[in-house]
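Working notes, structure below.
The values are calculated or read from the model by the stated rules, or taken from the named source; none is laboratory data. Keep in mind the model is a prediction, meaning the values are calculated, not measured. Glycine gets a Cβ as well: all are built from the backbone with ideal geometry, and neighbour counts include every protein chain shown. Keep in mind that these areas ignore ligands, DNA and RNA; they rest on the heavy atoms of the full protein, side chains included. Shrake-Rupley method; radii C 1.70, N 1.55, O 1.52, S 1.80 Å.
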Amino acid sequence: MRVINGRVWKVGDSISTDLLSPGAYAYAPLEVRRQHVLETVHPRFAREARPGDVLVAGRNFGCGSSRESAPENLKALGIAAVVAESFARIFLRNAIAIGLVAVTCPGIGAIVEEGDPLDLDLEAFSVTNVRTGASLPVHPLSSEMREILEHGGILAVLKALGSRSR
Amino acid sequence: MPAARAASARFMHLHQPNTAGDGLSGPAVPLQDITKDQTERSDGTRFCIMNLHPGGHRLGMTMAEKILARASGRANVRPGEHVTAAVDLALTHDIFAADLFDLLSDSGFTCPWDASKVVVVLDHLVPAPTVVAATVHRRIREHVRRMGIVHFYDAGAGICHQLLPERGHVRPGMLIVGTDSHTTTHGALGAAGTGIGTSEMAYVLATGRLWFRVPETVRFILHGRLRRPVAAKDVVLSIAGRFGADVAQYRAIEFAGPGVAELTVAGRLSVSNMAVEIGAKFGFFPADAKTATYLQARTGAVVAPFGPDPDATYAATHEIDLDALAPQVALPHTVDNVRPVSEVAGIAVDQAFIGSCTNGRLEDLEQAAEILRGRHISTGTRLVVVPASAEILREAERCGVLATLVDAGAIILPPGCGPCFGGHQGLLGPGERCIGTHNRNFQGRMGSPEAEIYLGSPATVAVSALFGRITDPRRVLVA
């Protein structure tokens, strides 16, 4: 696929979907929802994240709800990829389904600090801290996940299917 | 052919419209044939074979493996494999349904692959607390009518994860996806239930299929029996505390052992509901005589036992002693931050909440009523009770449970999710503390991020409301 190079934002373990997309904003438009991403644990993030930035997280990132607004809010802020020690299952599926790169990288927290420039190579499945040169392998994405990401999300796959069935 | 390209080709077969039948979904093995091992020839016809591995002896399968093999038309599957499986039931609710149906239409599909396999429930924001919610509900009703969806439960019927079992939608061996993480609940009846997002659900509604990674399974063997007032909720809280919130990440859970028969169906639903809180994709109980009795009353159908093969392979096996279990409570802000209630007794609570898809069932309300009969909750503490369905509300009224709770000072809310997910009906202010029977205590879940949420059994929550402080229910109820 490609190499993503982005500036790192860093959060800890067990970041829930309630922190990524509070239930109080369930019906709020995306422009409103994205302003509240992680406001409880990292208030600067939603205000200062720039398109192309990378979010580095700890264990069990995205635990909780099936709400797709959790990865959607991150994508709306321009986050290019989430690299976590581990993901909650539904968040990982949802991220891929909406075309947000999400990769598992045990040990990532130890090799990057917030603000570091990070290279994520989705061909070689590795990450490199450009500041320090430290590098780690990431778990490869399955063929289904790669295919969905290459389409830009599962809805694009579906639309291709829908147009062919007409 | 490289592995990646071969797998890609498997996924891409979905892109080839099928000219027969419903047009898109390929042949699936009928549910009634679940006990047979089936596979598909290259021309699409089906045949049965013994589930043999190349060495010639039969491969034992877990419940997850059996269901995903059946649903993908395979003789057997192994953990780590990816399959495209036919979905038996698709569930959605008011938070996502309107957007979901819009996505389906925008993608070029006017109706679901099989309107009889879709269940739509208005349960999260009912009755509508805002004009926005009312407008969304209206859009959903219009979509449901237009798409010919048969199984629609409007506001007040109850929580989706109560209605699915209660109204007879669930049978052992089914593959159920829902736009709700607590779809694992249906594992209590031997079904593979799991949560997915809106986009993936749009794909399911269009094609009847979805890709799945076959999960490894972690087995918890239950020994002994629960000593009242220790409840099924204490079992799952104890597992979360002991093994951590990601012990079953990407994995299925199976409960097994002699202790299973000691748990009621309602208790099993509580445990499977919270399987997702320890990361699980599915949270299974075997379908046994209790399951059959419950389902016969709900569906009229005679249900055969369903469980894993005796020689199935597990990623890990843990033993749980029900006899030794004490009441448990999860402390803020993670579900695995668990202590015995006795260690945290005395913490003052502003609100107590009995309800949710975890613990809003009749036996939960009965347990609370038993504690609160002839008593009144503590001044300064609110008790919010939300029956999980209209049937439970009616039954609680008929047997006097409702009157007992009202006399004790409870606020009774209409059947639905209530305040659990932070939408309405009993949210918490900054600095407030709530103990509830629900499933999540994440920061900001029920209102202010400066509030604290504790999780416990109905008995623990009722007795804590009684004293206005977190209290061990054994102080009032002795086994």
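Indicate, rounded to the nearest 5 percent, the antiparallel portion of the DSSP beta bridges found entirely in region B:79-325. Before the final figure, lay out the partial values.
On the way: 6 of 34 bridges.
Expressed as a percentage, antiparallel bridges in region B:79-325 total about 20.
Where does the charge balance sit around A:ARG59 when Lys and Arg score +1, Asp and Glu -1, over other residues with C-beta under 12 Å from its C-beta? Within the 12 Å Cβ shell, the charges total -4.
Is there a simple number for the mean count of other chain Cβ atoms within 10 Å of the Cβ of residues in A:9-19, and what is it? Provide the component values of the computation, followed by the final result.
Numbers: counts 0, 0, 0, 0, 3, 9, 1, 10, 4, 11, 6.
Mean partner shielding for this stretch: 4.
As an exercise, use a Förster radius of 51 Å and the Cβ-Cβ distance of B:ARG141 and B:ALA324 to find the FRET efficiency, rounded to the nearest 0.05. Efficiency for this residue pair is about 0.50.
Peptides B:329-341, A:129-141, B:104-116, ordered by how many other C-beta atoms sit within 10 Å of their residues on average, highest first, read B:329-341, B:104-116, A:129-141. Antiparallel beta bridges, as assigned by DSSP with both residues in region A:3-165, represent about 50 percent of the total such bridges. For the residues A:GLU123, B:GLU391, a 1.4 Å probe over the protein chains yields an accessible-area ranking, largest first, of A:GLU123, B:GLU391.
Highest mobility in the GNM of chain A, judged by mean-square fluctuation with C-alpha springs under 10 Å and restricted to A:GLU114, A:GLU48, A:GLU150, is found for A:GLU48. Can you tell me how region A:1-136 classifies by the Cα gyration tensor, rounded, prolate or oblate, using a/c under 1.5 as the rounded cut? Since a/c reaches 1.5 and a/b is larger than b/c, the shape of region A:1-136 is classed as prolate.
Of the listed peptides B:246-252, B:277-283, what is their order by residue-averaged count of other C-beta atoms within 10 Å, with the highest listed first?
Values: B:246-252: 23.4, B:277-283: 28.3.
Descending packing order for the listed peptides: B:277-283, B:246-252.
The mean sequence separation of alpha-carbon pairs under 8 Å and at least six residues apart, normalised by the residue count of chain B, gives a relative contact order of 15 percent. The contact between chain A and chain B removes approximately 4300 Å² from the accessible area (both sides summed; 1.4 Å probe; ligands, DNA and RNA excluded).
Using the heavy atoms of the protein chains alone and a 1.4 angstrom probe, what is the accessible area of region B:79-325 per residue in square angstrom? Write down the numbers at each step before the final one.
Values: 7150 Å² over 247 residues.
With all protein chains present, region B:79-325 gives 29 Å² per residue.
Just check region B:410-479 against the gyration tensor rule for me: Cα atoms, a ≥ b ≥ c as the square roots of the eigenvalues, rounded for a/c under 1.5, and otherwise prolate or oblate depending on whether a/b exceeds b/c. Prolate, because a/c is 1.5 or more and a/b exceeds b/c. Say a paramagnetic label sat at a point 7 Å from the Cα of A:ARG131, along Cα to Cβ; which residues of region A:44-81 have their backbone N under 14 Å from it? So the set is A:54, A:56.
When chain A is modelled as a GNM with alpha-carbon springs shorter than 10 Å, which of A:PRO106, A:PRO29, A:PRO117 fluctuates the most? So, out of A:PRO106, A:PRO29, A:PRO117, the one fluctuating most is A:PRO29. With a 10 Å cut-off around each Cβ of B:332-340, the average count of Cβ atoms from other chains is 2. Measuring nothing but how far apart in sequence close Cα pairs (under 8 Å, 6+ apart) lie, relative to its length, region B:79-325 scores a relative contact order of 23 percent. Shape class of region B:52-205 from the Cα gyration tensor (axes a ≥ b ≥ c, square roots of the eigenvalues): prolate, since a/c reaches 1.5 or more and a/b is larger than b/c. Kindly work out what percent of the DSSP beta bridges joining two residues of chain B are antiparallel, to the nearest 5. Around 25 percent of the beta bridges assigned by DSSP in chain B are antiparallel ones.
Packing-based ranking of A:66-73, B:152-159 yields A:66-73, B:152-159, ordered from highest to lowest mean Cβ neighbour count within 10 Å. Here A:GLU113 and A:LEU30 are evaluated by their C-beta separation; at R0 = 35 Å the FRET efficiency comes out at 0.70. Inter-part distance, region B:93-116 to region B:358-410, computed on C-alpha centroids, equals 37 Å. The mean sequence separation of alpha-carbon pairs under 8 Å and at least six residues apart, normalised by the residue count of region B:148-281, gives a relative contact order of 27 percent.
Kirkwood Rh, the protein assembly as shown, all Cα pairs: how many Å?
Values: mean 1/r = 0.0402 Å⁻¹.
Its Kirkwood hydrodynamic radius stands at 24.9 Å.
Calculated mean residue ellipticity at 222 nm for the protein assembly as shown: -8500 deg cm²/dmol, from DSSP H runs with n ≥ 4 weighted as -39500 (n - 2.57), summed, divided by the residue count and rounded to 500.
Which lysines, if any, have their Cα less than 24 Å from the Cα of B:LYS117, not counting same-chain residues under 8 positions apart? Excluding near neighbours in sequence, the set is A:LYS159, B:LYS36, B:LYS66, B:LYS281.
Average partner chain C-beta neighbours within 10 Å, per residue of A:139-146? If you can, show how the numbers build up before the last one.
Working: counts 0, 1, 1, 8, 13, 11, 4, 4.
The per-residue average across the peptide is 5.
Split the accessible area of region B:382-472 by element, probe 1.4 Å, and carbon with sulfur accounts for 52%.
Roll a 1.4 angstrom probe over the protein heavy atoms and tell me the percent of accessible area of region B:249-340 that is carbon or sulfur.
Numbers: 1810 of 3220 Å².
Using a 1.4 Å probe with all protein chains present, region B:249-340 comes out at 56 percent carbon and sulfur.
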